[in-house]
1. Please sort 72-84, 251-263 by packing, taking for each peptide the average over its residues of neighbouring beta carbons within 10 angstrom, highest first.
2. Only helices at least 20 Å long along their axis, Cα-based, and averaging -1.0 or more on Kyte-Doolittle count here, so list those DSSP H runs from the chain.
3. Enter the Cα centre distance for the pair the stretch 130-180 and the stretch 39-66, rounded to the nearest angstrom.
4. Using the crude model of +1 on Lys and Arg Cβ and -1 on Asp and Glu Cβ, and no other charge, please compute the dipole size for the stretch 219-339 relative to its Cα centre, in debye to 20.
5. Suppose only helical runs count, i.e. DSSP H with n ≥ 4. What mean residue ellipticity at 222 nm does that imply for the chain under -39500 (n - 2.57) per run, divided by all residues and rounded to the nearest 500 deg cm²/dmol?
6. Would you mind counting up the charge near G141? Only other residues with Cβ under 14 Å from its Cβ, with Lys and Arg at +1 and Asp and Glu at -1.
7. Determine the percent antiparallel among the DSSP beta bridges restricted to the chain, to the nearest 5.
8. With +1 on each Lys and Arg Cβ and -1 on each Asp and Glu Cβ, and nothing else charged, work out how big the dipole of the chain is about its Cα centre, in Debye to the nearest 20.
Amino acid sequence: MRVLHAVRSDAFAGVESHIARLARAQHRAGDDVLVVGGDPRRMAAAAGPGVRTLPSTTVRDVLTAVRRWAAGADVVHGHMTAAEIACATAMVAVDTPLVVTRHFARGRGSNPVSTAVAAAAGRRVEAQIAISHYVADTIAGESVVIHPGVDSTTCTRPAAERDRVVLVAQRLEPEKDTDVALRAFAASGAAARGWRLVVAGDGAERARLTAMARALGIAESTRFLGHRPDVPALMETAGVLLAPCQIEGLGLTVLEAMAAALPVVAVGAGGHLETVGAVASAALHPAGDAERAGELLAQLTSDPDRRDAYAAELQRVQRAHFTPQHQAHETAAVYRGVV
């Protein structure tokens, strides 16, 4: 099948990574795949040599590319509102089906005008995919839930070979609830047992969080690394991951941790209920409850055998249900339904 993915972006974050993984898996399954958008160098590297990529920084870029390539595709797959609008506009006179993926648990558009334009564009959409049941239950219209996948790894490093590091890997923005992670680490008493808190990510909250670490008395045990492109490598040596954000559509970082056999303490909300929550021994805490998160963290950091058993369970679930191959297979079924 000839597939055209489109996103209005020159970055490479969660959505772009999602597209790259899916495109790579689709190519491996025999599809001819073109990706429009995303940081050109990183998208090309992540999608692999068999996937064609084109830059797309603006809505006009998406319009131009889709107008040129849509007629030759079997399906156009849009990601994010700007690309959905551009695709729908560019395809007015084209019969190619338009499929979209909804990545976030919120409506289309950020103001009344963009919401109205997005609603009009939505009438051109023939199938809507949601990345989780959490997203599907929040957005308007019928959706097919297809969980994203990450590549399985051979990492099974036991607790005894890992660093005493509690890792947080996310943007430092208010909606990410990173302050809950800092308060949980302080409440756990892990610093007194030789553990460190390592925060990989940057954003508007960094200065406030740095000051919070000092106020909580954990500054000497906390490192703010800033943006890091090597988070998967950090996961292979860390001892526990904290995932406090309660509005994650699914959480690729958590899936990557599961793949790396890294124990996860997550908020029991959003997409985490469908990833970590799929494990019988899930370490989930109520939203914003740093005390409970600290208790769970204390249990894991005090017991290497418990960390090993939990990590193995998380990795088994990832390998069984959250792979790009499974995602591509389910997405192909959606495509066949509209072609």
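The numbers here are math on the coordinates, done by the rules we state, and not lab data. Since the structure is predicted, the reported quantities are computational estimates derived from the model, not experimental observations. With ideal geometry, Cβ positions are generated from the backbone for all residues, glycine too; neighbour counts draw on all protein chains shown.
1. Values: 72-84: 23.8, 251-263: 26.0.
Output ranking for 72-84, 251-263: 251-263, 72-84.
2. Numbers: long enough: 14-28 (21 Å, -0.68); 304-321 (26 Å, -1.47); 324-338 (21 Å, -0.77).
Long hydrophobic helices here: 14-28, 324-338.
3. Cα centroid of the stretch 130-180 versus Cα centroid of the stretch 39-66: 25 Å apart.
4. Once rounded to the nearest 20, the dipole reads 320 debye.
5. Details: 13 runs with 141 residues, N = 339.
-12500 deg cm²/dmol, from helical runs alone.
6. Working: positive: R102, R106, R108, R123, R124; negative: E84, E126, D137, E142.
Residues close to G141 contribute a combined charge of +1.
7. The answer is about 5 percent antiparallel.
8. Values: 35 positive and 35 negative charges, 125 e Å.
Roughly 600 debye for the chain.
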